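The structure under discussion appears below in the form of structure tokens.
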Amino acid sequence: MRLKVLYTIPNFDTAGSGKALLKIATRLDPDRFEPHICCMHDRGPFFQVVRASGIPVHLFPYTADMSHRLKGLLHVLRTARFFRKIRPDIIHSFHYAADYSEALAARLAGIKWVYTKKNMNWGGASKNGWRLRSWLANGIIAQNSDMLRDFFPGWKKVKLIPRGVDLEEFHPESDPVYPLPRQYRWVLCVANLVPVKGVETLLDAFRRLFVQFPDWRLAIVGDDRNAYAAQLKTTFADLVEAQQVVFTGKVLNVKDYLQQANLFVLPTLNKGRREGSPVSLLEAMAMAMPVLASAVPGIRDQLARFPELMFEPGNVEELTRKLQIWMQKDDNERHAMGLALRREVEARFSIEREVHDHEAFYLGL
């Protein structure tokens, strides 16, 4: 008899968490698991990819605002009835927020409920929500070791499962495509452009080095239609106007940019939600590219064996020094480091390992 796993996620608008969910759901052993998906609406281009996967998709507003107790509890009861109609053995929530209404509904329906902790949010106004969400859960997946230490010390129902990468999709020997001008060498940053990503640290460091390295350019890949991106473009207008820095906007072909780049940088700050297990860094490593990244949770796990590739979050001077070192190296030296990082992903961060660990987690429940 197969285990029916219902994956819940608010939407597929931004696609980051949605892609992670789909990569797991589509790779589960079909002889042992029957995946289903529930989200709140069918908007967003990635939803059509989800629909085309063949996995049954259910639309339902499965969370409630619990600040209005009576209305919230009534909606929880409706959600519980909805869950009972699907009759999953396990509900696995990919919601990023501190919502606990879904867990209440699953408990009322008599269904085991688990969630993946995807960021380092915990305290402040959401503290009680995270505690209730975690107390109600039958199991919790943490994406980095800092979560185990800071949020769940000694909790037996918590399992560490970092993100994984499809090593066939992200491979250094793929046929090259050149979305950026080929006469330059490229530093690349792929990130959701929000303040916690610390992109200004990278821009400031690159500005200090451009005169020394006139054949290098910087590409920032990510949705730039927000106030933070506008502020970056204003602050570093000299670099943008000289086309020393390129904001590509949101792209679907991230792999093409990774394949062309010579160096990848992820400058996340050590505040707020920080990182869970940043897949963009793993994808760059899988493409056999040297990387530099700030020493924050998630990244510390991924680069644990390469401490020289990390820098203090927000430290422009340290990032400038490390950028200079790697921009000065020749192609053979950069390629050798890239191959070492590729081997690290093969050993510890493959999608096959992530799926295997999820299957074991479900069976353990």
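The values are calculated or read from the model by the stated rules, or taken from the named source; none is laboratory data. This structure is a prediction, so every number in the text was calculated from the model and none was measured. For neighbour counting, all protein chains shown are included, and Cβ atoms are generated from backbone atoms with ideal geometry for every residue, glycine included.
Data overview
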item: Positions within the stretch 10-39 being modelled with pLDDT of 95 or more, in a loop (DSSP other than H, G, I, E, B) and either basic (Lys, Arg) or within 22 Å of the chain's Cα centre (by Cα) (or both), in sequence order; result: Thr26, Arg27, Leu28, Arg32
item: Qualifying residue in the stretch 63-79 (condition: under 23 Å from the mean Cα position of the chain (by Cα) and in the same structural domain as His358 (by TED's automatic domain parsing)); result: yes
item: Count of the stretch 221-253 residues which are under 19 Å from the mean Cα position of the chain (by Cα) and either outside the structural domain of Ser280 (by TED's automatic domain parsing) or polar (S, T, N, Q) (or both); result: 1
item: Pair list, Cβ < 6 Å and 6+ apart or interchain, from the stretch 284-311 residues that are in contact (Cβ under 8 Å) with a residue 40 or more places away in the chain and assigned by TED's automatic domain parsing to the domain that holds Val221 to residues that are aromatic (Phe, Trp, Tyr) and part of a loop (DSSP other than H, G, I, E, B); result: Ala286/Phe170; Met287/Phe170
item: The stretch 73-96, residues that are assigned to a helix (DSSP H, G or I) and among the basic types (Lys, Arg); result: Arg78, Arg81, Arg84, Lys85
item: Those residues of the stretch 183-216 which are touching a residue at least 40 places away in the same chain (Cβ under 8 Å) and closer than 16 Å to Tyr257 by Cβ, in sequence order; result: Arg185, Trp186, Val187, Leu188, Cys189, Val190, Ala191, Asn192, Val199, Leu202, Trp216
item: Residue satisfying all of: in the stretch 101-126; modelled with pLDDT of 95 or more and assigned to a loop (DSSP other than H, G, I, E, B); surrounded by the most Cβ atoms within 10 Å (Cβ to Cβ) among these; result: Ile111
item: Selection from the stretch 55-72 of residues that are crowded, with 16+ Cβ neighbours inside 10 Å and part of a loop (DSSP other than H, G, I, E, B); result: Ile55, Phe60, Tyr62, Thr63, Ala64, Met66
item: Any hit, the stretch 46-53, residues being part of a strand (DSSP E or B) and either under 18 Å from the mean Cα position of the chain (by Cα) or closer than 18 Å to Tyr362 by Cα (or both); result: no
item: Condition met for Pro162 (part of a loop (DSSP other than H, G, I, E, B), over 25 Å from Leu232 (Cβ atoms) and in contact with a Phe, Trp or Tyr (Cβ under 8 Å, 6 or more places away or on another chain)); result: yes
item: Set Ala288, Ala304, Ala293, Ala284: member being assigned to a helix (DSSP H, G or I) and of a type in the set (Gly, Ala, Ser); result: Ala284
item: Test: Leu188 is within 28 Å of Leu269 (Cα to Cα) and either outside any loop (DSSP other than H, G, I, E, B) or out of contact with any Gly (no Cβ under 6 Å at 6 or more places or on another chain) (or both); result: yes
item: Residues within the stretch 236-258 that are among the hydrophobic types (A, V, I, L, M, F, W, C), surrounded by fewer than 14 Cβ atoms within 10 Å (Cβ to Cβ) and more than 18 Å from Glu283 (Cβ to Cβ), tallied; result: 2
